[in-house]
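Contents: one structure, followed by commentary.
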Amino acid sequence: MKLLLVCLGNICRSPMAEGALRLRLDAAGLDWVRTDSAGTGGWHAGEAPDRRAVACARGHGADISALRARQLRVADFHDFDWLLCADARNLRDLRATAPAGLEGKARLLLDWSGVAAGGEVPDPYYGGHDDFERVWRLVDAAAQAVVDRICARSASSA
Ligand code: 4NP
């Protein structure tokens, strides 16, 4: 399984989501699940995550400092099983660029994981410490839900 986390800049929410997911996947022994992240925008391509995102993740046990931002490419729709977005704008942008027939791979992270129907992870870029902590709570809840779901599915097909 290959999961791509997507936000606007790929320096705050999606690298935090990738960090939370990687931490929980590895703790559950699900190292065969592949993760990556990308931004719908390319302004920050090549950059490390925002230092506030790095600090927040580190406070929760995840080191995301080595991640580098990149812009979403059309090939991602072929390479990944699911493209999980932070908010409705990301989802709209993704569906607009999806190859015909693959639009359904783009979903909201909180919705797809079962955390909140139609739920969004708000952009913390112009916010402060509490906004980043809120992002972590949301993406980590999604990460836990994704791991539970994969474990339940593996158990039922065993
Ligand atoms: P992200 O946050 O989408 O969670 O990575 C943002 C980062 C940068 C910008 C916007 C949102 N920006 O406008 O540069």
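The number of residues in segment 53-105 that are touching a residue at least 60 places away in the same chain (Cβ under 8 Å), within 14 Å of the chain's Cα centre (by Cα) and closer than 18 Å to Leu3 by Cα comes to 15. When Asp130, Asp93, Asp87 are screened for being open to solvent by less than 30 Å² (accessible area, probe 1.4 Å) and of a type in the set (Asp, Glu), only Asp87 passes. With a requirement of 3 or more residues that are touching a Ser or Thr at 6+ places or on another chain (Cβ under 6 Å), the helices (runs of 4 or more DSSP H) lying completely within segment 56-158 that satisfy it span 129-157.
Checking each residue in segment 20-51 for being within 9 Å of the chain's Cα centre (by Cα) and open to solvent by 10 Å² or more (accessible area, probe 1.4 Å) picks out Thr35, Asp36. Residues in segment 4-19 that are surrounded by fewer than 24 Cβ atoms within 10 Å (Cβ to Cβ) and more than 7 Å from the ligand (Cβ to nearest atom): 0 in all.
Taking segment 20-52, which residues are in a loop (DSSP other than H, G, I, E, B), more than 10 Å from the ligand (Cβ to nearest atom) and either in contact (Cβ under 8 Å) with a residue 24 or more places away in the chain or closer than 25 Å to Ala98 by Cα (or both)?
Going residue by residue through segment 20-52, those that are in a loop (DSSP other than H, G, I, E, B) are 28-33, 40-50.
Checking which are more than 10 Å from the ligand (Cβ to nearest atom) leaves us with 28-33, 42, 45-46, 48.
Matches in segment 20-52: Ala28, Leu30, Trp32, Val33, Gly42, Ala45, Gly46, Ala48.
For the criterion of being more than 13 Å from the ligand (Cβ to nearest atom) and open to solvent by less than 40 Å² (accessible area, probe 1.4 Å), Leu72 fails.
The values are calculated or read from the model by the stated rules, or taken from the named source; none is laboratory data. Computed from a predicted structure; not experimentally measured. Neighbour counts are summed over all protein chains in view; Cβ atoms, including those assigned to glycine, are modelled from backbone coordinates with ideal geometry. For the accessible areas, the whole protein counts, side chains as well, though only heavy atoms, and no ligand, DNA or RNA atoms are used. Shrake-Rupley method; radii C 1.70, N 1.55, O 1.52, S 1.80 Å.
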